[in-house]
1. Quick check, is V116 closer than 23 Å to A266 by Cβ and in contact with a helix residue (DSSP H, G or I) (Cβ under 6 Å, 6 or more places away or on another chain)?
2. Select from the stretch 17-49 the residues that are surrounded by 24 or more Cβ atoms within 10 Å (Cβ to Cβ) and within 11 Å of ligand 1 (Cβ to nearest atom) and list them in ascending order.
3. Are any of the residues in the stretch 293-301 more than 16 Å from Q263 (Cα to Cα), within 13 Å of ligand 1 (Cβ to nearest atom) and in contact (Cβ under 8 Å) with a residue 12 or more places away in the chain?
4. Kindly indicate the residue of the stretch 71-99 that is more than 15 Å from ligand 1 (Cβ to nearest atom) and open to solvent by 50 Å² or more (accessible area, probe 1.4 Å) and also nearest to G115 (Cα to Cα) among those meeting that condition.
5. Give me the pairs, please: first residue somewhere in the stretch 121-150 and in contact (Cβ under 8 Å) with a residue 40 or more places away in the chain and open to solvent by 30 Å² or more (accessible area, probe 1.4 Å), second residue anywhere and more than 16 Å from ligand 1 (Cβ to nearest atom) and not in a helix (DSSP H, G or I), beta-carbon distance under 6 Å, and either six or more positions apart or on two chains.
6. Pairs under 7 Å by beta carbon, first residue more than 19 Å from V82 (Cβ to Cβ) and modelled with pLDDT of 95 or more in the stretch 158-180, partner among the charged types (D, E, K, R) and assigned to a loop (DSSP other than H, G, I, E, B), six or more apart or different chains?
7. Identify the single condition in (1) open to solvent by 20 Å² or more (accessible area, probe 1.4 Å); (2) out of contact with any helix residue (DSSP H, G or I) (no Cβ under 9 Å at 6 or more places or on another chain); (3) within 16 Å of ligand 2 (Cβ to nearest atom) that V270 does not satisfy, given that it satisfies every other one.
8. For the stretch 323-367, which positions are among the polar types (S, T, N, Q) and either over 18 Å from V6 (Cα atoms) or open to solvent by less than 60 Å² (accessible area, probe 1.4 Å) (or both)?
Amino acid sequence: MDTLIVGAGFAGAVTARELAEAGERVLVIDKRPHIGGNAYDRLDADGVLVHEYGPHIFHTNSDRVFEYLSRFTAWRPYEHRVLAVPDARSGKAFPLPINRTTINRLYGLDLDEAGVAAFLERVREPKDPIRTSEDVVLNSVGRDLCEKFFRGYTRKQWGLDLSQLAGGVAARIPTRTNDDDRYFTDKYQAMPAEGYTKMFERLLDHPNITVRTSVEYRQIVSAADVRRTVFSGPIDEFYDHRFGRLPYRSLRFEHQHLKGMAQLQAVGTVNYPNDHPYTRITEFKHLTGQQHAGTSIVREIPSAEGDPYYPIPNPANEALFKRYEALAETESDVFFIGRLAQYRYYNMDQVVGAALGLAKKLVEGAAALA
Ligand code: FAD
Ligand code: UDP
C-alpha cells in the first residue's frame, strides 16, 4: 500500500478517491463498523432512512465541491427550515434564523422590512471589537432575543456561556429583516438522493482502494507497511495527548420511531433553547422526502463525555491546537485532515474542499519526486 487513510468520513474518503485515481494504492480504515463518518445514514428497524449521528443537511456555495460529489450521487433538492420554541410550555414556535416573522410574531407587531431593521437598530447593543459569540448576538439582536434564542441553547450545546465561545460559533446563524425562513442560503442545497452511505460506497468503490471497518489505527500501525498516513481522527489522540486533551464536545443521539404518525412537526428541525436536556428534534422524512406511514426522529443531548463531534472554538483551545499543529508540521509522511484533525468547525462541503486540496498537494508532491 502507498497510503494508509485513517477515517472513512468525508476527509478520508475524498482523499482516498483522489489518490486512487492518481494511481496510488490506498488502505482506508475506520474504527467504526461502517463508512461515512458522521454523515453515515441507514434504514432504521421500521425502514425509515435516518442519520445515525444527527441531521446532516448538505449545502455549499462551491461549484467545485458540488460538481465533485455529483459524480457519486444524484440529488434531491431540499431547503432546510428550523423553528425555535423558546418556551416549551407555551409551545409557540418561531422561525430561526430570526427574521421578520420571528420579530412580528414574538412581539405582536406588524413591521415591514424597514421597520424590522429599525427595531433591531433600537434593541441591538453595538460591540467593537466583536470577539465572542455573546458579542456577535448582542451586536446583532440585543439582549431579549439573545436570552430567548441563544444563551440557553449555547449553554446546553457547549456547556459554556456565549461569552466563552469564539464569535464564529454564533455567527453561523444570520439575522434577517425579510421573510426568508431557510436555514441556509447557499447556492446548492440538496440531499444525496439515495442517502450519504450510498454516496460513500461509490466514492470508495475503486480498484485501488481497500476499505476495512472496525479497525483502530493503533491496532495496525506497527504492521502497516505504508509510505504515508493521512489521519482524520482527533489530532491530540494521535500524539497520545502529549500537551493535554483538546476539548471536543460530544452528543448523545436518542432515536425514536413514531408508529402510525405520518408527521410530528412542521419542519425538519425544531430547536428547544430553554427547556429539556436536548437541543433539537429532527424529523428525517422532511430531509429525505421518504413516504412512510410512521416517522423517525432524533433528539440531540449534548455531553462532555463520549465520541468527539465538535471542536470547541475559543482562544485557549485554539492555542492548544496550535501546539499540536506545530508538531504535525514536523512530520514528513503524516498528514492531518478533517474536522477532528484540523480542530475546525467544518461543514461537510468544507471538509470535501480541504480533502481535495490535500490530495492535490500529495499527488503533485509524489509526481515531483518521481
Ligand atoms: P468524521 O466524519 O468524524 O470522520 C472521521 C472518521 O475517523 C470517523 O468515522 C472515526 O470513526 C474515524 N476515526 C477516528 N479516529 C480513528 C482511529 N484512531 N482509528 C480508526 N478510525 C478513526 N455538516 C454539514 O455540512 N451540514 C450539516 O447539517 C451538518 N450537521 C451536523 C450535525 C452533527 C450532529 C454533527 C456532529 C456534525 C454535523 N456536520 C454537518 C458536520 C459534518 O459531520 C462534518 O463536517 C464531517 O462529517 C466531517 O468529516 P470528517 O471526515 O472530517 O470527520
Ligand atoms: N444557536 C443558538 N440557538 C439556536 C441555534 C443555534 O444559540 O437555536 C447557536 C449555538 O451556539 C449553536 C450555534 O449557534 O451551537 C451554531 O448553530 P448550528 O445550528 O449551526 O449548529 P450545528 O448544526 O453545527 O450543531
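1. It is true that V116 is closer than 23 Å to A266 by Cβ and in contact with a helix residue (DSSP H, G or I) (Cβ under 6 Å, 6 or more places away or on another chain).
2. V28, D30, G36, G37
3. Yes, the conditions are met somewhere in the stretch 293-301.
4. That would be K92.
5. From residues that are in contact (Cβ under 8 Å) with a residue 40 or more places away in the chain and open to solvent by 30 Å² or more (accessible area, probe 1.4 Å), the pairs are K148/P86.
6. Sorted first by the residue in the stretch 158-180, then by its partner, the pairs are G167/R131.
7. Looking at each condition in turn, V270 falls short on (1).
8. Correct list: T330, Q342, N347, Q350.
The values are calculated or read from the model by the stated rules, or taken from the named source; none is laboratory data. Remember, it's a predicted structure, so these values are computed and weren't measured experimentally. Positions of Cβ are backbone-derived with ideal geometry, glycine not excepted, and every protein chain shown enters the neighbour counts. Side chains are part of the model used for accessible areas, which takes the heavy atoms of the whole protein and leaves out ligands, DNA and RNA. Shrake-Rupley method; radii C 1.70, N 1.55, O 1.52, S 1.80 Å.
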